[in-house]
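Undergrad: Pasting a structure below so you can have a look.
The values are calculated or read from the model by the stated rules, or taken from the named source; none is laboratory data. Computed from a predicted structure; not experimentally measured. In this analysis, Cβ positions are derived from the backbone assuming ideal geometry, glycine residues included, and neighbour counts consider all displayed protein chains. In case anyone asks, the SASA skips ligands and DNA or RNA and just uses the protein heavy atoms, side chains included. Shrake-Rupley method; radii C 1.70, N 1.55, O 1.52, S 1.80 Å.
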Amino acid sequence: PPFPLKLRGPVIKGFGRGSKDLGIPTANIPLSGLSVGGNDALDSGIYYGWCTLDHRTIAQTTTSSSVPSATDDTSPPERSSNHAVADLEYSSSNTTSSTVYPTVLSVGYNPYYKNTQRSIEIHILHNFDSDFYGATLSLIILGFIRPEYDYVSKDALVEDIREDIRISQRSLDREAYLGWKSDDWLAGDA
Ligand code: ADP
Ligand code: RBF
Ligand code: MG
């Protein structure tokens with residue numbers, strides 16, 4: 001399909017294998033919300049692109065009382081024990097744009113794990129202090145790296161993912177891709 005492909009959705013729970021089994025967390029979003037056509041518009045495989053997280057949606061979907069309310073958008077929230085959320089909320093109240101992160105993503109059935117449902121999983125090339133389930137993730141996919149493969153070992157899978165990460169980083173550093181960081185879609189209003 002033609003790039004860019006634009007997707008947006010809430011970060012949902014997967015099997016929890018990304019962090020625990022591979023050491024590579026992936027934010028899963030529902031396989032709907034594609035800007036073009038239905039689910040088949042996005043072939044299975046490994047891609048790279050940019051993403052943003054809409055932190056305001058974290059507070060709305062979290063029941064913890066330590067997380068600031070999303071309704072008060074004039075004053076910064078109190079510091080809470082959930083530092084990542086608090087930091088993100090501060091930045092959102094002071095600026096109009098949110099951080100745009102380089103990402104690498106996997107779409108498909110994870111042949112190594114033989115999933116029965118197709119999924120879309122986004123590994124963000126950034127170290128976060130805590131989880132962000134419930135946040136709205138906006139994504140622009142800009143390029144295809146390879147199809148999904150089965151592997152003889154977990155180490156072989158991880159080795160390829162590490163190479164995917166390097167390819168994504170290197171590609172996104174190029175002028176042609178940097179421009180997409182300021183696309184309205186990532187600001188959440190397109
Ligand atoms: P799941 O199977 O529920 O997707 P994972 O083990 O794949 O669990 O971990 C994904 C979760 O980890 C994300 O939903 C997000 O809340 C958190 N996370 C922390 N750092 C990252 C990151 N760099 N990229 C993606 N998700 C991250
Ligand atoms: N799973 C596979 O079974 N085969 C793959 O080729 C494969 N490539 C991946 C590449 C990247 C960049 C990422 C982030 C994940 C990939 N996965 C692949 C999915 C991986 O198995 C999955 O993220 C974990 O099982 C956690 O759900
Ligand atoms: Mg995941």
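Undergrad: Looking at L137 and the list (1) in contact with a helix residue (DSSP H, G or I) (Cβ under 6 Å, 6 or more places away or on another chain); (2) touching a residue at least 60 places away in the same chain (Cβ under 8 Å), which single condition is not satisfied?
TA: Of (1) in contact with a helix residue (DSSP H, G or I) (Cβ under 6 Å, 6 or more places away or on another chain); (2) touching a residue at least 60 places away in the same chain (Cβ under 8 Å), only one is false for L137: (1).
Undergrad: Hey, which of the helices (runs of 4 or more DSSP H) in region 94-190, taking only ones fully inside, have at least 3 residues that are of a type in the set (S, T, Y)?
TA: none
Undergrad: Identify, by number, the condition in (1) open to solvent by 30 Å² or more (accessible area, probe 1.4 Å); (2) touching a residue at least 40 places away in the same chain (Cβ under 8 Å); (3) closer than 18 Å to F3 by Cα that L172 doesn't meet.
TA: Evaluating L172 over (1) open to solvent by 30 Å² or more (accessible area, probe 1.4 Å); (2) touching a residue at least 40 places away in the same chain (Cβ under 8 Å); (3) closer than 18 Å to F3 by Cα leaves (1) as the failure.
Undergrad: Report yes if S98 is surrounded by fewer than 20 Cβ atoms within 10 Å (Cβ to Cβ), in contact with a helix residue (DSSP H, G or I) (Cβ under 7 Å, 6 or more places away or on another chain) and at pLDDT 55 or above, otherwise no. Talk me through it step by step, then tell me what you get.
TA: Values: surrounded by fewer than 20 Cβ atoms within 10 Å (Cβ to Cβ): yes; in contact with a helix residue (DSSP H, G or I) (Cβ under 7 Å, 6 or more places away or on another chain): yes; at pLDDT 55 or above: yes.
Judged against the criteria, S98 is a match.
Undergrad: State all residues of region 140-168 that are within 19 Å of C51 (Cβ to Cβ) and free of Cβ contacts under 8 Å to residues at least 40 places away in the same chain; if no residue qualifies, say none.
TA: Once the filter is applied, which keeps residues that are within 19 Å of C51 (Cβ to Cβ) and free of Cβ contacts under 8 Å to residues at least 40 places away in the same chain, region 140-168 yields only R166.
Undergrad: Can S119 be described as open to solvent by less than 30 Å² (accessible area, probe 1.4 Å), at pLDDT 95 or above and within 15 Å of ligand 1 (Cβ to nearest atom)?
TA: no
Undergrad: Pairs only if they're at least six apart or on different chains, beta carbon under 9 angstrom, first in region 114-128 and among the polar types (S, T, N, Q), second open to solvent by 60 Å² or more (accessible area, probe 1.4 Å) and away from ligand 1 (no atom under 11 Å from the Cβ); list them, first residue then second.
TA: Pairs found: N115/Y109; T116/Y109; Q117/Y109; S119/Y109.
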